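Next up is a structure, given as structure tokens.
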């Protein structure tokens, strides 16, 4: 299930899209924490990619443009994040800089975390020659030019039956703008598909893709149901109401942090892919909730950390002691900040994200990053 939100002038709409991604027909096709079993081929006909989580979800744009992702796996993966590129990078470094061509993360000119992407790569030839029959190779080529990690993901996942058969039914791929809107969803959902596919071969662990050289493989701990954070989310009035009922109530609310963490990863990856075509989206008629989805799940992370710390001290100690989970929290925090900052020139990539970020940066909330990592939130955002 993906939550799709869009705006056009004074109009605001929201609708739900079932059956998108990960071979999932709708909420609840995956049974929590059962990656080794595999269920959830759903009605889309995708071979089982494992259980262990809820279906793909994402805030996106009109005509089904949900959030995207950029998953990939490289043989350098080793437990806590596969030690991604850490070179100083600069503006054209392979591991960083806003115009770098690849790498999962490094340090940019200001010394803070960055990921390689090239907002200036021309798409003119792709637009002029665009054909709906070639949407997938065009998408791969576009992302290879603008955001390597997204292109790498879709290259790995291009034979996914869902992507080739079901995905086109949710979008108007007959025109360039409809194609641009669809990029976010393709990346987001294939992040889920890739993560759960890889988790099938892991022993009581889950994989989280954060870049072509960074994958976090973290142990499944005794996490509590995520609906336990709902009261915190709603205190003072929810700013994430477009997402709360999907992720924090009903069957999905009974799922634990493993799947919620995969949503956070996919939403951030999705925002990254949306940013890579931010100039194209900005030129279009609609506003989208790409930033909203990533921000909502960062807020969920903070609340989950707080409930764990205050109500589940044994779990919290175990969670905090895991170097893999430390890597996950640190890089999720840094990536969420980085891609939100990179998206700032594009007003149409967010709808209610400012209100969500006010809640995130409330000292009472973001202090959970310091409780968990031992470092101030701003330090983690800059140097995870």
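Bear in mind that the values in this text are calculations on the coordinates, not laboratory data. These numbers come from a predicted model, not from an experiment. Because the Cβ atoms are built from the backbone with ideal geometry, glycine has one as well, and the counts that use them run over all protein chains shown.
Under the rule a/c < 1.5 gives rounded, and otherwise a/b versus b/c splits prolate from oblate, where does region 187-322 land using the Cα gyration tensor?
In terms of gyration-tensor shape, oblate.
If you don't mind, another one. What is region 106-169 by shape, rounded, prolate or oblate, if you read a ≥ b ≥ c off the alpha carbon gyration tensor as root eigenvalues and call it rounded for a/c under 1.5, prolate for a/b larger than b/c, and oblate otherwise?
Oblate, because a/c is 1.5 or more while a/b does not exceed b/c.
Ok, one more. Could you order peptides 131-140, 192-201, 249-258, 112-121 by the average number of other Cβ atoms within 10 Å of their residues, highest first?
My ranking of the peptides, most packed first, is 192-201, 112-121, 249-258, 131-140.
A further question on this structure: Would you mind getting me the FRET efficiency between residue 375 and residue 224? Use the beta-carbon distance for r and R0 = 35 Å, nearest 0.05.
Result of the calculation: an efficiency of 0.90.
Right, here's the next one. How would you order 364-375, 343-354, 309-320 from highest to lowest mean count of nearby Cβ atoms within 10 Å?
Top of the packing list down: 343-354, 364-375, 309-320.
Between region 302-337 and region 245-267, how far is it from one alpha carbon centroid to the other, in angstrom?
So the separation of the two Cα centres works out to 15 Å.
By its C-alpha gyration tensor, with a ≥ b ≥ c as the square roots of the eigenvalues, how is region 310-384 shaped: rounded for a/c under 1.5, else prolate for a/b larger than b/c, else oblate?
prolate
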